[in-house]
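First the structure, in the form of structure tokens, and then the observations on it.
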Amino acid sequence: MSFEGNGRPFQARRAKFLQAIGEGATAVLPSAPVALRSGDVEFIYRQDSDFYYLTGFEEPEAIALFSPGHPDGDFVMFVRARDKERETWTGRRAGVEGALIEYGAVKAYVTDEFEKVLPRYLEKSERIYYPIGRNEKLDERVLKLVQWSSAMRPRIGSGPYAIVDPREFLHEARLRKEPAELELMRHAAAISAEAHRAAMRKARGGMKEWQIEAEVNFAFRSRGASGPSYPSIVASGPNGAILHHIENRREMRAGELLLIDAGCEYDFYASDVTRTFPVGAKFTNLQRELYSIVLEAQRKGIERALPGARFDDPHDAALRVLVDGMREVGLVKGSAEEVIEQGSYRRFYMHRTSHWLGMDVHDVGLYRVKGESRTLEPGMVLTVEPGLYINEDCEEAPDHLRGIGIRIEDDVLITEGGQEIITSATPKQITDVEALTTG
Ligand code: MG
Ligand code: ZN
């Protein structure tokens, strides 16, 4: 299930990347910087997705260098030196030897040598591929060296004259998932399904939101996920109408709705799932009416997530159902066309229906190409997540509708023949949900 550092996927991706940047180019990719949480305590380290995509290397303070056709090797790694004493405190390091043997570098150095080594590659290169803004400390050092090599160009006849962003290529590559990546995404989705089922079974009136957050995170970690791929949203009652509610402190009441937006990350791949269900009870008539609108909007949206369709098609289809529902329950007035045209639905549905999903929750890749909504292709994964949010102090809404938030979110893979809903093991049909909330 998991890749080894020197495994084939990384090697094959590097080969494609080297070919894409071509001879006469050097690419430099930084690892993610370490971030402080409080005092001298660091956040749990998570490697930069682009860096991991090409190297499989999880340690900080590393740099990968690519230089097609360079006599000293086309894949060079700069890594932390082995250090017995430090490793006793902060964990094992691959070191230079590990970078060569386990991670397939043709040459490897300790990171301290980067500034000494880089000019050798720069002086033979016309184009430098470097993602500015990803690691500020390294930005400064790289730009200085590139500037210096550029200044030498008139005298030695070679050297860089262009800085190009490697993400253009990498993000297009990451947008189309390989079979091995899809296996990891399906596994992440299966774990998230278990977490949502546990939440539906456990949530009862009188519990705090954070108790359910703990259940969800337990389900993730106990099945080998690294944890949530974004802070879990556990939003009961009126909190459901707050899009990024992550305080998770409120006491839930039996029978009110609980919105959970939580997905795990498994071996660097994210899942992103939202379910909304009544706490320890069946849906009331009003809850069922509103939930059914969102469920139908999602069904219509998913139906349009097909190869050859536009990225915007699921959104347009889901929005139409939401707007008709809003008109029926008295949230908006006028014809559906008017409501969409004037945007009066936005008070109750203020986000888009889909985003790409992959190593990052809001994954990389263009949504529009040449000004047009992008055409969906096999291997792309997107969420379909319509919602309906009526703030508790919303004066435009009828009294009895206030303080309700509903979202239903699944992850959809576009396939040759159509689609695969990789999160389909998470219950969302009313009877399936009620079987768990009242079981
Ligand atoms: Mg989500
Ligand atoms: Zn999402």
Which is farthest toward the positive dipole end of region 176-437 among P179, M326, G237, measuring Cα position about the Cα centre, with Cβ charges +1 (Lys, Arg) and -1 (Asp, Glu)? G237
Strictly over 29 Å apart at the Cα level, which of K16/K370; K137/K370; K84/K137; K124/K177; K84/K144 would you flag in this model? K137/K370; K124/K177; K84/K144
Within 10 Å, count the other beta carbons around each residue, average over each peptide in 344-352, 8-16, and list them highest first. 344-352, 8-16
When the dipole is taken about the Cα centre of region 5-173, and only Lys, Arg (+1) and Asp, Glu (-1) are charged at their Cβ, what size is it in debye, to the nearest 20? 260
Only Cα pairs under 8 Å and at least 6 apart count here; give the relative contact order of region 247-306 as a rounded whole percent. 30
Please name which of L143, T415, G403 has its Cα lying farthest along the dipole of the chain towards the positive end, using unit charges on Cβ (Lys, Arg +1; Asp, Glu -1) and the Cα centre as origin. L143
Once a ≥ b ≥ c are taken as the square roots of the eigenvalues of the Cα gyration tensor of region 292-336, is the result rounded (a/c under 1.5), prolate (a/b larger than b/c) or oblate (a/b not larger than b/c)? oblate
If you take the Cα Rg of region 5-173 and divide it by 2.2 N^0.38 Å, with N the number of residues, what do you get? 1.03
Tell me, what is the percent relative contact order of region 176-437, built from C-alpha pairs under 8 Å that lie six or more residues apart? 24
Dipole moment magnitude, nearest 20 debye, the chain about Cα centre, only Lys, Arg, Asp, Glu C-beta charged: 420
For the chain, build the charge dipole from Cβ charges (+1 Lys, Arg; -1 Asp, Glu) around the Cα centre, then report which of S335, F311, A105 sits farthest towards its positive end. A105
Give the residue list of trypsin sites (Lys or Arg not before Pro) in region 35-121 that are DSSP loop and have at most 10 other beta-carbon atoms within 10 angstrom. R92
Quick shape summary for region 16-113, equivalent ellipsoid via Cα gyration tensor, semi-axes whole Å in descending order, reads 26, 16, 10
Under the rule a/c < 1.5 gives rounded, and otherwise a/b versus b/c splits prolate from oblate, where does region 231-368 land using the Cα gyration tensor? oblate
When the convex hull of the C-alpha atoms of region 176-437 is computed, what volume per residue in Å³ does it have? 115
Kirkwood Rh over Cα pairs of the chain into Stokes-Einstein at 20 °C, 1.002 mPa s: D in µm²/s? 90
Tell me the relative contact order for the chain as a rounded percent, counting alpha carbon contacts under 8 Å between residues six or more apart. 14
Nearest 20 debye, what's the magnitude of the dipole of region 221-361 about its Cα centre given +1 on Lys and Arg Cβ and -1 on Asp and Glu Cβ? 400
Descending semi-axes in Å of region 373-430, equivalent ellipsoid built from Cα gyration tensor: 33, 14, 7
When all Cα-Cα pair distances of region 311-439 are considered, the percent exceeding 23 Å is 45
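None of the figures in this text is laboratory data; all of them are computed from the coordinates on show. Please read all numbers here as calculations on a predicted model, not as lab measurements. So basically every Cβ, Gly included, is an ideal-geometry build from the backbone, and we count neighbours across all protein chains shown.
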